[in-house]
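Chemist: Mind looking over this structure? Questions follow.
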Amino acid sequence: VVEVDKNTLELDENGTVTISDDIKIYDISNGEIPVCENSIPILKGHSQVQLVSDGEKIIAAVIEDELVTTDIRVILSNNSYSSYKMSEVTVSSDTSYKVIYPDDSEAVRTSGKTVTIKYDDYENGDIITIKPIGDSGKIQIQSLQRNYGNPEYNGTIEIRIFSDGLHIINELPLETYLYSVVSSEMPSNSSEEALNAMAICARAYAYSKMEDESFEAYNAHLDDSTLCQVYNNIKATEESIKAVKDTYGIVPVY
């Protein structure tokens, strides 16, 4: 799928096809229960899409591959957003998850089981990586507080030991990151077009920070505070997710 508008899809091999007003989109890329999508523009982010026609219009689409998106690295602030330095970090997950220690040893923890990483137990330069097992899991950082409580993060949590303490890096797909930026930067009951504009601006800012290398010393692209743009202080909502999907890949260039 090369381009999308309200009435047509432009395909790289088949040209332009007309789509039904009530097209049904099913995402089976995670290999689990199919997810019903209500955002047609997201089809641009996939290369493996099965299209179903009634002979005149496309009436359904089945997404078979993961979304095409760049990964972004976000350094997380403490509870007061005054520092990145922490003395210990406690995590859990809503699914089983894996902890990879600096000596490359691994430990699997079950859903709800906590792990605490303490600064005094490691050496400068050590890295502990925490990732959910499966695509749908999220890592909860119980030692952090955000507007909605202990925050949960998609992707991977990386705890890096610096001379001044522990730093937490969240690495995840950029488009997924934007879900919790839009919800944190703008009320989700704002108008649809306002949320879409916020998503476009947030995406542009994220790409600009990936290029300017201002957080290179932290092995990150940006942080989660107002110093950059607020991320995951308020949990992603149905409206913020839709705004990101409805503007997939769009950035201002002038």
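Chemist: How far apart, in nm, are two points set 7 Å out from the Cα along the Cα-to-Cβ line at S163 and at V52?
Modeler: For S163 paired with V52, the spin-label model returns 6.2 nm.
Chemist: Something else now. Using each residue's phi in segment 53-65, evaluate 6.51 cos²θ - 1.76 cosθ + 1.60 at θ = phi - 60° and report the 3J(HN,Hα) Karplus result to the nearest Hz, with x for Gly and Pro.
Modeler: 10, 9, x, 10, 10, 7, 9, 7, 9, 10, 8, 10, 10
Chemist: Please give every one of the lysines within straight-line cross-link reach of K24, meaning a C-alpha to C-alpha distance under 30 Å, and leave out same-chain neighbours fewer than 8 residues apart.
Modeler: Answer for K24, where 30 Å is the Cα cut-off: K6, K44, K57, K138, K235, K242, K245, listed by chain and number.
Chemist: Further question on the same structure: Out of all DSSP beta bridges in the chain, what portion is antiparallel? Express it as a percent rounded to 5. Kindly include the intermediate steps, with their values, before the conclusion.
Modeler: Details: 49 of 56 bridges.
Expressed as a percentage, antiparallel bridges in the chain total about 90.
Chemist: As an exercise, use a Förster radius of 25 Å and the Cβ-Cβ distance of A107 and D135 to find the FRET efficiency, rounded to the nearest 0.05.
Modeler: Details: r = 21 Å, r/R0 = 0.82.
Efficiency for this residue pair is about 0.75.
Chemist: Further question on the same structure: Using only Cα atoms, what is the ratio of the radius of gyration of the chain to 2.2 N^0.38 Å? Spell out each step's value before the answer.
Modeler: On the way: Rg = 19.9 Å, N = 254, 2.2 N^0.38 = 18.0 Å.
That works out to 1.10 for the chain.
Chemist: At a 1.4 Å probe, what is the % contribution of carbon and sulfur to the accessible area of the chain?
Modeler: On the way: 5890 of 12860 Å².
Carbon plus sulfur share of accessible area: 46 percent.
Chemist: Give, as a single signed number, the net charge of other residues whose beta carbon lies under 9 Å from the beta carbon of S77, with Lys and Arg counted +1 and Asp and Glu -1.
Modeler: Numbers: positive: none; negative: D223, D224.
So the surrounding residues net to -2.
Chemist: Okay, next question. Could you state the orientation-averaged shadow area of the convex hull built on the Cα atoms of segment 187-230, in nm² to one decimal?
Modeler: So the mean shadow area of the Cα hull is 3.3 nm².
Chemist: Per residue, how many Å² of accessible area does the chain show with a 1.4 Å probe? Mind showing how you got there, number by number?
Modeler: On the way: 12860 Å² over 254 residues.
Accessible area per residue, the chain: 51 Å².
Chemist: Quickly rank 227-240, 63-76 as a protection proxy: mean count of other C-beta atoms within 10 Å, highest first. Mind dumping the intermediate values first?
Modeler: Details: 227-240: 19.9, 63-76: 18.1.
Put in order of decreasing packing, that is 227-240, 63-76.
Chemist: List the relative contact order of segment 93-191 as a percent without decimals, with contacts defined as Cα pairs under 8 Å and 6+ residues apart. Mind dumping the intermediate values first?
Modeler: Values: 152 pairs, mean separation 22.2, N = 99.
Normalised by residue count, the contact order of segment 93-191 is 22 percent.
Chemist: What per residue convex hull volume, in Å³, comes out for segment 1-128 when only alpha-carbon positions are used? List each step's numbers first, then the result.
Modeler: Working: hull volume 23.6 nm³, N = 128.
Hull volume over Cα atoms, normalised by residue count, gives 184 Å³.
Chemist: Hey, another quick one. So what is the relative contact order of the chain, in percent, for Cα pairs below 8 Å that sit 6 or more residues apart?
Modeler: Working: 536 pairs, mean separation 45.2, N = 254.
Dividing the mean separation by the residue count of the chain yields 18 percent.
Chemist: Between segment 1-64 and segment 195-214, how many Å separate their Cα centres?
Modeler: Cα centroid to Cα centroid, the span is 27 Å.
The values are calculated or read from the model by the stated rules, or taken from the named source; none is laboratory data. The shown structure was predicted, so the numbers you read here are calculated from the model rather than taken from an experiment. Methodologically, a virtual Cβ is constructed for each residue, glycine included, from the backbone with ideal geometry; neighbour enumeration extends over all protein chains shown. Each accessible area value is taken on the protein alone, full model and side chains, heavy atoms only, with ligands, DNA and RNA left out. Shrake-Rupley method; radii C 1.70, N 1.55, O 1.52, S 1.80 Å.
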